[in-house]
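Peer 1: First, the structure itself, so that you have it in front of you.
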Amino acid sequence: MAVFNAKKREIECKIVYYGPGRCGKTTNLEYVHKAYTKQVSGEMVSINTEGDRTLFFDFLPMGLGKIKDCNVRVQLYTVPGQVKYSSTRKLVLRGVDGLVFVADSLKVRREKNMLSLKDLHNNLKEYGLSIFKVPLVMQFNKRDLTVPIMSIEDMANDLNKQLKSPIFPASAINGQGVGITLKECLKLTLVDLKRQLQWTN
């Protein structure tokens, strides 16, 4: 749940990038941190685990408007995707306000995508949250690869049939689709925060 800082006139909210190992969550955040330097507050913090990382940094989105004359400060997080880091993923989800689910377009990662989405669903439930109610955007990453990748339609059928979340094809390694994915997630999160706080423009 978002935190209101009366002294700074800021509302802090948390967006988490979730998905299987090596799907491109870290690459997304690294691109945002590099490409939107004016909107990044402070350094990117990296917690290294064996073969995986958790990243986070503060982000001040411009042009999104204010809520009740308050600026919106966003904390962007990734989770380690490997199965063995389940407890870390759950911990990072605490207090989440919006989600980007990064799915790997490689055909060989189809099952890992579905297992990761199920893991997200279960972890949210443990916090009393519904995957159908938390603002969620889907990013189908690695669309630039020439090796066998799944079609957008097949991925949507696997992952988004019931959720009906916005989908963005992407290639995080070169930044394609990264900005628009984040922008849509921020927009949905802001709308949801206003609804929760029963605030209007």
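Peer 1: Just to be sure before I move on: is TYR77 at pLDDT 95 or above and in contact with a helix residue (DSSP H, G or I) (Cβ under 6 Å, 6 or more places away or on another chain) in the structure I sent?
Peer 2: no
Peer 1: Among what's in region 1-49 and is modelled with pLDDT of 90 or more and aromatic (Phe, Trp, Tyr), pick the residue that is nearest to LYS187 (Cα to Cα).
Peer 2: Out of the qualifying residues, it is TYR17.
Peer 1: Identify all residues within region 5-35 that are farther than 14 Å from PRO80 by Cβ and of a type in the set (A, V, I, L, M); write none if there are none.
Peer 2: If the condition is that a residue be farther than 14 Å from PRO80 by Cβ and of a type in the set (A, V, I, L, M), then ALA6, ILE11, ILE15, VAL32, ALA35 are the ones that fit.
Peer 1: A follow-up question, please. Filter region 83-111 down to residues that are touching a strand residue (DSSP E or B) at 6+ places or on another chain (Cβ under 7 Å) and in a helix (DSSP H, G or I) and give me whichever is modelled with the highest pLDDT.
Peer 2: LYS107
Peer 1: Right, next: Please count how many residues of region 150-164 are over 18 Å from LYS25 (Cα atoms) and crowded, with 17+ Cβ neighbours inside 10 Å.
Peer 2: 3
Peer 1: Assess whether SER87 counts as being buried (at least 21 other Cβ atoms within 10 Å of the Cβ) and of a type in the set (Ser, Thr, Tyr).
Peer 2: No; evaluated as a whole, the condition is false for this residue.
Peer 1: Scan region 130-167 for residues that are aliphatic (A, V, I, L, M) and either touching a Leu at 6+ places or on another chain (Cβ under 8 Å) or in a strand (DSSP E or B) (or both) and jot them down.
Peer 2: Looking only at region 130-167, we keep the residues that are aliphatic (A, V, I, L, M), and these are 131, 134, 136-138, 145, 147, 149-150, 152, 155-156, 159, 163, 167.
Of everything in region 130-167, those that are aliphatic (A, V, I, L, M) and either touching a Leu at 6+ places or on another chain (Cβ under 8 Å) or in a strand (DSSP E or B) (or both) turn out to be ILE131, VAL134, LEU136, VAL137, MET138, LEU145, VAL147, ILE149, MET150, LEU159, LEU163, ILE167.
The values are calculated or read from the model by the stated rules, or taken from the named source; none is laboratory data. Please read these numbers as outputs of a predicted model, since none were measured by experiment. Ideal geometry is used to build each Cβ from the backbone, glycine not excepted, and the neighbour counts take in all protein chains shown.
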